[in-house]
Each structure stands twice: as C-alpha cells, then as structure tokens.
Amino acid sequence: MMWHKQNYSRSIFIYALLGVTIPILLYLCFSSSYFIFQGNKQVIQSNLLTIRQVKERIDAELEYVSKSTRNVVSDDSLNEGIYNKKLRDDQAQLNEIHNKLKELQKSLKDAYSVDLYVPSQKLLISSENGVKKSLSSDTLDLYRNVQAIRKPDWGYSKQQNTIDVLTYYQPVPVITNFPQAYLAVHIYERALSSTFELEEYAESGEIFIINTDGKIISHSDKSKLGNYLFDDHNYKKITRSSVSNGYFEDDNRKETFFYGKSLSSDLITVYRIPNSILFTHHQAASLYLVVAGALIILSFIYTYFFTRRLAKPISQYIKQTNLSLDGYQKDEWKLINQDRNRLVQQVTALDMWKKNNLYRLRNFFLLKLISRDINHSNRGINTAALQAFNLDYQSKIQVLVLEMQDLECNDAFKENDNDLLFFAIDNIINEILVSQNLKGFLVQTMDNTRTIIILQLHKNLVEMELQSIANQLSVNIKHSLQTYLKMVSYFGIGRMHESWDDLAKSYQEAIVSLNYRIINPRQEIIDFEQLESTKLFSYPYVIENRILKELKNNNRATCSVLFDEFVEEIAKKCTSITQLHHAYYMLYTSLYRTMDELGDTPTELLIQKPVKEIFYLATQQQIKKWFNNELFPYLFEQVSNLSEDKGIKTVEYVKRYIQDHIELDLTLTSVAEEVNLSSPYLSKLFKKVSGESFIQYITKMKIERSKELLIQSNLTISEIAKAIGYSERTFGRVFKDTTGITPNNFRLQYKTV
C-alpha cells in the first residue's frame with residue numbers, strides 16, 4: 001500500500017513538515033538578525049573607543065605645544081618688541097627675540113621652526129631662517145587668513161615646498177582682541193602621524209585630522225595633506241553634531257565615518273572605513289542561509305520517515321481487517337470509522353447480554369473468587385471486575401454459609417425444585433438485608449447444598465459492631481426460614497476482613513464454623529470468633545503496672561497515654577467480646593486494689609462506678625469511653641484529695657518537729673530527710689499549706705523561744721543564742737530584724753514590766 005496515496009499520511013507529512021520547518025526558519029531569521037545587531041553594536045563601540053583614544057593622544061600632544069608657547073607670548077621683552085615701531089632697524093632687539101624663538105624650538109620635540117610675524121612692519125622672525133624683512137605674497141596671504149581668525153588655530157603648510165608641517169598660530173599679546181603679532185610653531189607632520197600610528201589604520205580604512213575649515217592637516221597618505229576630503233554635507237554632519245565622539249554612515253559611498261572633536265584645539269579626528277571591511281560579520285550571517293537549507297533538507301527526510309512510521313499501524317489495521325481502499329484519494333479514516341461503528345454495535349450487543357445475565361455472571365465470578373480460581377495477585381483485573389458487578393473493592397467483607405437441614409422431609413418442595421427453593425431463600429434473605437439496611441450478595445454452591453451470603457460492610461464500622469450485625473442477621477434469617485419455609489437452618493459465620501482479597505479466607509472460616517455443629521449439634525449459629533475465643537490470650541501486665549504507678553503519682557496525662565496503649569494491645573489479642581470484657585474487668589480490679597493501698601475506701605468505688613457497667617457495653621470504643629470519661633476522672637479526683645490530706649498531716653508533723661528541736665541548727669535539707677521528702681517538694685508543700693516559707697517559720701519559732709528565755713530566765717545573751725541554735729552575733733542581728741529592738745533592750749523593757 002502506497003502511503004503517499006492516503007489522505008491521512010499526506011496530512012501528517014505536510015503538517016509535520018510545516019511544524020518543523022517554520023520554527024527553524026523563524027529561529028534562524030531572529031538569530032541572524034540578533035547576531036548582526038550585536039555585531040554592529042560591538043564594531044561601532046570598538047571603533048568609537050579607538051577614535052576617542054586617538055583624539056585624546058592628539059589633544060595631549062597639541063596641548064603640550066600650546067602650553068609651551070605661554071612663556072614666550074607672556075615675555076615682556078617680546079611684547080615690548082612687537083610694539084616697537086622701529087623694530088625692523090633695532091638689530092639688538094631682533095637678535096633677542098630670535099634667541100627666544102630658538103630656545104622655544106629646542107624645547108619642543110619634532111619642531112621644525114618657531115616664527116614671529118609682526119603685521120604692522122611686515123616682518124617675520126624665524127628661529128630657523130632668521131629675520132625676513134621681505135615676504136612672499138603666499139606668506140602674506142597665509143598670515144592674513146590667520147589675522148582674520150584672531151584666535152589660536154592649527155593649520156597645514158609646506159616649508160620650502162617639500163616639508164609638511166603642522167602650524168600652531170598664537171596671537172600676541174594674548175589678552176587683547178587686537179593682536180600686534182602672531183607666534184607660529186611649525187611641527188613636522190610625519191612625526192605627529194607616526195606618534196599616533198595613523199599608518200596602522202591604512203589597511204582597514206584611513207584616519208586623518210582636519211581643522212575648522214575642513215582641510216586635512218595630518219594623514220598617513222601625504223598626498224592628501226591640505227586637501228578638502230569631505231563634501232559639505234558630511235562635513236556639516238560632523239560640525240553640527242552635539243556629541244564629541246560619534247559616527248554616521250554615508251549610504252552613497254557605503255562608508256562609515258567615526259569622528260572625535262577636540263575640545264581644546266578645534267581639530268577633528270576622523271576614521272573612515274568602508275562598510276565591507278567594517279561589517280565583515282554580515283558575511284558570516286549568510287552562513288545562516290546554508291544552515292537553514294541543510295536543516296530543511298534534514299527535516300524533510302525526518303518527516304518522511306516519521307510519517308511512514310505513524311501511517312504504518314493504520315495501514316496494517318486496514319490490511320488485517322480486509323478493508324478495501326479504492327481510488328487515488330484513499331480516505332482511511334472513513335473506513336476506520338465505519339469499522340469502529342460496527343465494533344460499537346457489537347459491544348452494545350454484548351453489554352445488553354451482560355445486563356440480562358448480570359446476576360448469573362456475578363454469581364459465577366464470586367464462586368471463582370471463593371474457590372481461588374482467580375489469581376488474587378492480579379489486583380487490577382479483580383478491581384475492574386468488582387466494579388463491573390457493582391462491588392466495592394474498598395469495603396469490608398464477611399461471609400455467612402447457610403445450610404438447610406431435613407430438606408428430604410419437607411413436602412413443600414420436590415426433589416428437582418432446587419431452583420425454586422433457592423429463589424424462595426433469595427427473596428427472604430434480600431428482604432431481610434433491605435430491612436436492616438445492609439448490602440449483600442447470595443451465591444448458590446455448585447452442588448446446590450449450601451447458600452453463601454457475602455456481606456459488603458462499610459469501612460468505618462468497628463469489628464464489634466460488624467460481629468453483632470452478622471449474628472443478628474443470622475438470627476433473623478433463621479427465624480424467617482423456619483416461619484415461611486418450615487426448614488431448620490444452620491449458619492457458619494466467618495470473620496470480617498478488610499477487602500475482597502480475603503473473600504476466600506472468610507469463606508473457609510465460615511465452613512470451619514459450620515462444620516463445628518458436628519461437635520455441638522445443638523448450636524445452630526456458629527461464629528468463627530467464638531471458636532477463636534477458646535484460645536488463651538496474653539494479658540498486658542507491664543502496661544497495667546505502669547498505669548497503676550502513674551495513678552499513685554497523680555499523673556493524669558501519662559496515665560491517659562498508657563491507657564491508650566493498653567486499649568491497642570487488648571484489641572490485638574482479644575478474639576471475642578467475652579475476652580474483651582474479662583480483660584477490662586482485670587484492669588478494674590487492679591485499680592480497686594490500688595485505691596485501697598492509697599487509703600481510700602474501696603467500697604465507695606464499687607458504689608459510684610460499679611464494675612457491672614463494663615458488661616453492658618458491646619464495643620471496645622464504648623468501654624474505652626467509659627474508662628476515660630467516667631472511671632479515671634473519679635479516681636484522679638480521689639487521689640488528689642488523698643494527696644492534699646496527706647500533705648496537711650506532713651506539714652503539721654514538720655512544725656512539731658521544729659518546735660521539739662528548736663535548739664538544733666535546722667535546715668530544709670535535714671528536715672526533708674526526716675520526713676523522706678525532697679527539699680524542693682517540702683519547701684513548696686510547706687508554703688502551700690502554712691502560707692509561709694520554711695525559713696520564715698523556723699525564724700519565727702526561734703525568736704518566740706528566745707523571747708521566753710529573755711523574760712523568764714537569767715541566761716546570758718550568748719547562752720540564749722546557743723539554746724536556739726544561733727551564734728550570738730547571728731542571734732542579735734536576726735532578733736533586731738524581726739522585733740525592731742536588740743535582745744538586751746527587749747529584756748530590759750519587758751522583764752522590768
């Protein structure tokens with residue numbers, strides 16, 4: 001089957017190809033634009049930095065020249081000479097000025113000559129050529145231009161028609177708007193251009209310096225010196241720009257100009273680079289087109305194989321189902337939908353059949369679960385099947401097995417009326433389940449001798465409640481069968497289990513219980529739990545002893561935690577309600593003995609909280625609630641009362657002991673050891689009962705005894721202090737702090753009276 005002749009395959013190929021190529025093209029488009037943008041930015045920033053560095057070096061060099069002229073232009077003799085109207089004939093003064101100019105020339109590096117032009121006398125004094133009193137017209141024209149500017153300026157000229165020089169013109173004197181002379185410092189242009197390494201930029205472009213007229217005064221190409229390289233439009237762009245360092249592109253020439261304006265000399269440094277050299281990264285951006293083409297070809301190949309892989313299952317399905325595809329435009333989805341509709345109809349028919357036979361299918365499935373014919377490890381299959389038959393996998397389950405007795409003697413049903421009998425039993429049991437608000441399922445065994453009742457119970461019900469439900473249900477069913485069908489029935493009840501996985505186990509327990517009637521034929525309802533109750537259980541004596549200890553210590557919180565452990569242990573070990581009642585009866589008896597040991601009247605406990613109340617409670621939760629809410633609050637109240645009475649008696653004994661041994665050096669520690677209590681506990685108890693501290697009471701007793709001795713005896717102060725367990729000094733201080741007077745004054749005051 002040709003995949004490209006199928007509508008689905010062609011659609012996948014086209015959409016997949018577009019889905020791959022469009023993102024590739026968009027990515028390459030944006031990435032190349034970003035690459036060019038960032039490249040342009042870096043190139044421009046780099047060249048602006050270059051032009052600024054060159055400009056700064058030129059400014060520093062030219063600034064040095066202008067500063068070097070300050071001493072000369074401010075020289076008094078030079079200024080006096082330019083105002084001398086007879087300077088042409090004053091040879092001495094001419095020599096003096098000439099010498100000064102020569103000194104300035106020597107101090108300047110790469111200086112060709114230093115000239116002083118005096119316009120009023122048409123006189124030129126040169127450090128190199130001496131005094132010229134007859135000047136050429138070119139020289140006069142040059143200085144007329146300088147006079148027109150009337151401020152410091154730089155210019156270009158040729159000396160002796162062969163030497164290129166840069167000239168700095170400084171009006172003299174400096175402080176006037178009407179200069180009387182002009183100082184001209186001529187610098188070799190080649191020295192300046194080599195200093196700034198202008199030749200290094202000749203490979204990529206050209207860098208040169210122009211003055212305010214736009215004339216080139218320094219260039220690596222000496223033939224361009226003194227020329228106007230700019231047109232007016234580009235020159236105005238530079239001069240009118242507000243920034244000192246900038247650039248602009250000349251679209252006509254396809255060049256980019258970088259410029260830097262000098263703030264001190266009015267000179268402009270220009271770097272001109274062809275765009276083809278400046279933006280070489282634009283050529284690298286063309287590689288993106290090559291990459292895009294390669295990626296599109298790869299995406300085409302990938303999409304081709306990807307489409308074939310996706311179309312292969314559909315092609316195989318059509319081939320296996322013998323669906324015919326006619327014509328060039330093969331619409332395989334239409335055929336698949338037709339086949340799907342056919343399958344839906346078949347599934348609908350199967351669902352209808354399942355609905356009509358749901359009862360039989362469920363019984364068959366439950367029989368398989370009970371007989372362990374279904375793999376219980378495959379929980380996924382069991383869960384799906386349980387849901388299909390409206391069975392809750394998360395609920396608790398319990399199995400009851402019903403067996404009818406003396407069926408042969410019953411005339412209501414004939415030998416072959418098993419189906420009719422099961423129908424009658426089913427109706428009776430279902431009515432009872434509905435009346436008790438229970439959910440259960442009935443299954444007839446394969447030999448039709450027994451009926452299996454599977455109870456589906458709520459997850460939140462406790463075991464005691466569940467056990468009573470099963471027993472009550474068995475009693476009701478037995479009574480109804482006896483009443484309506486006149487039949488004797490026997491029930492075996494299995495234990496409650498947490499999920500349907502243990503259905504077979506509960507069923508086997510019910511069978512074991514039912515078979516127990518062989519031993520005890522009179523017992524018609526046999527509970528597996530009752531059988532298990534015959535086994536002895538291990539009573540948690542260790543936890544009980546800890547509970548009794550905390551009761552004696554009046555520690556209610558710890559006692560509550562231990563009782564929870566006791567309840568949990570009993571729940572694990574007790575297998576019947578009888579064992580449960582017996583275990584809690586044993587705990588009650590131990591609590592009774594403990595109260596007797598503490599001195600309480602035990603008969604009062606039997607009257608207030610009688611033990612018989614335990615046996616009226618049907619579940620462990622109810623028993624636990626009775627202990628927590630009724631018994632333990634009463635016990636701890638009695639213990640608290642006993643502890644308080646005992647504390648009062650203890651304090652009274654301590655007071656008598658202090659009074660009888662007042663002559664001793666009594667301390668809290670020694671008295672606490674006498675009554676077998678800890679020092680902190682005795683201190684706290686004494687304060688609570690008597691209202692005063694232990695030390696305050698001893699002090700009070702000793703002072704009262706000393707008062708008696710001071711009044712009634714002739715003992716000395718030292719002897720009285722010894723009699724109450726004090727030193728003489730300590731006695732005097734304590735007595736005065738307590739009574740406000742000294743022992744001697746007290747004796748004199750009261751003994752006289």
Are any of the pairs LYS355/LYS439; LYS549/LYS625; LYS552/LYS572; LYS55/LYS254; LYS102/LYS236; LYS552/LYS700 more than 30 Å apart by Cα-Cα distance, and if so, which?
-> LYS102/LYS236; LYS552/LYS700
Treat the count of other C-beta atoms within 10 Å as a stand-in for reagent exposure and order PHE364, PHE389 from fewest to most.
-> PHE364, PHE389
Among the GluC sites (Glu not before Pro) within the range 680-753, which fall in a DSSP loop and have no more than 15 other Cβ atoms within 10 Å of their own Cβ?
-> GLU692
Given labels modelled 7 Å from the Cα in the Cβ direction, how far is it in nm from TYR64 to LYS158?
-> 2.9
Count neighbours as other Cβ atoms within 10 Å of each site's Cβ, and list the GluC sites (Glu not before Pro) in the range 429-502 that are DSSP loop with at most 14 such neighbours.
-> GLU498
Please say if the range 1-110 is rounded, prolate or oblate, where rounded means a/c under 1.5 for a ≥ b ≥ c the square roots of the C-alpha gyration tensor eigenvalues, and otherwise the choice is prolate for a/b larger than b/c and oblate otherwise?
-> prolate
Report the one residue of THR669, SER713, ILE741 whose Cα lies farthest in the direction of the positive end of the charge dipole of the range 661-752 (charges on C-beta: Lys and Arg +1, Asp and Glu -1; origin at the Cα centre).
-> ILE741
If amide H atoms are built 1.01 Å from N in the plane of the peptide, which residues on other chains or at least 5 residues away come under 5 Å of the amide H of TYR112?
-> HIS186, ILE187, TYR188
Size of charge dipole - the range 48-278 - debye, nearest 20, with Cβ of Lys, Arg +1 and Asp, Glu -1, no other charges = 580
Indicate the gyration tensor shape class of the range 48-278 (rounded, prolate or oblate), computed on the Cα atoms with a ≥ b ≥ c the square roots of the eigenvalues: a/c under 1.5 is rounded; otherwise a/b larger than b/c is prolate and the rest oblate.
-> prolate
Residue-ordered couplings for the range 163-177, obtained by feeding phi - 60° into the Karplus form 6.51 cos²θ - 1.76 cosθ + 1.60 and rounding to whole Hz (Gly and Pro as x), are 9, 7, 9, 9, 10, 9, 9, 10, x, 10, x, 6, 8, 10, 8
Applying 1/(1 + (r/R0)^6) with R0 = 56 Å to the Cβ-Cβ distance of ASP665 and ASN545, what FRET efficiency is obtained, to the nearest 0.05?
-> 0.85
From a point 7 Å beyond the Cα of LYS439 in the direction of its Cβ, which residues of the range 485-513 have a backbone N at a distance under 13 Å?
-> 500
Burial ordering of ASP426, ASP89, fewest other beta-carbon atoms within 10 Å first | ASP89, ASP426
Residue-wise, which Karplus ³J(HN,Hα) couplings in Hz belong to the range 548-563, taking 6.51 cos²θ - 1.76 cosθ + 1.60, θ = phi - 60°, and x for glycine or proline?
-> 5, 5, 5, 5, 4, 7, 6, 9, 5, 5, 5, 4, 5, 5, 5, 5
Would you work out the charge dipole size for the range 686-753 about its Cα centre, treating the Cβ of every Lys and Arg as +1 and the Cβ of every Asp and Glu as -1, and quote it to the nearest 20 debye?
-> 120
Extending each Cα 7 Å along its Cβ direction at TYR484 and GLN316, get the distance between those two points in nm, one decimal.
-> 5.8
When MET701, MET595 are ranked with the fewest other C-beta atoms within 10 Å first, the list becomes MET701, MET595
Identify the chymotrypsin sites (Phe, Trp or Tyr not before Pro) of the range 22-104 meeting these criteria: DSSP loop state and at most 15 other C-beta atoms within 10 Å of the C-beta.
-> TYR83
How large is ³J(HN,Hα), in whole Hz, for each residue of the range 245-253 in order, when computed from phi with the Karplus curve 6.51 cos²θ - 1.76 cosθ + 1.60 and θ = phi - 60°, using x for Gly and Pro?
-> 10, x, 7, 7, 9, 9, 5, 5, 8
Using only Cα atoms, locate the centre of the range 128-158 and the centre of the range 438-509, then give the distance between them in Å, rounded to an integer.
-> 132
Gyration tensor verdict on the range 661-752 (Cα atoms; rounded if a/c is under 1.5, prolate if a/b is larger than b/c, oblate otherwise) | prolate
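The numbers here are math on the coordinates, done by the rules we state, and not lab data. Because the structure is predicted, anything quoted here is derived from the model rather than measured. Note: ideal-geometry Cβ built from the backbone for every residue, glycine included; neighbour counts use all protein chains shown.
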